[in-house]
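The next block holds one structure in the form of structure tokens; read it before the comments.
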Amino acid sequence: MSKIVVDSSVAVKWLPMFWGEPLVNEAVELRATLGIAMQHARSVYDSVYVALAYEQKAEFVTADEKLVNAVSGRLPVRWIGRFF
């Protein structure tokens, strides 16, 4: 499968058509999700969870060290290994 790179204005317009049903609920702003994905070079899949944590003023705990390293200090993401 090849990767397609699109401009954020195009993604905001067309991405909802591919999702169909809301991924989480409407609490997650699509623009915030795409902004996180593009600014930190992360997938939309990862970024939707980060955006939800940010908007809910909560921490997102994950085993994905690459995600934590990419956004650490700027967004509420913590590596689960810190707790053990």
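The residues of segment 35-50 that are of a type in the set (A, V, I, L, M, F, W, C), modelled with pLDDT of 90 or more and crowded, with 18+ Cβ neighbours inside 10 Å, listed by number, are 36, 37, 50. I want to confirm something. Restricting to segment 54-84 and keeping residues that are polar (S, T, N, Q) and outside any strand (DSSP E or B), which single residue is nearest to residue 41 (Cα to Cα)? Out of the qualifying residues, it is 69.
The values are calculated or read from the model by the stated rules, or taken from the named source; none is laboratory data. Since this is a predicted model, take the numbers as computed values, not measurements. Glycine also receives a Cβ, built like all others from the backbone with ideal geometry; neighbour counts cover every protein chain displayed.
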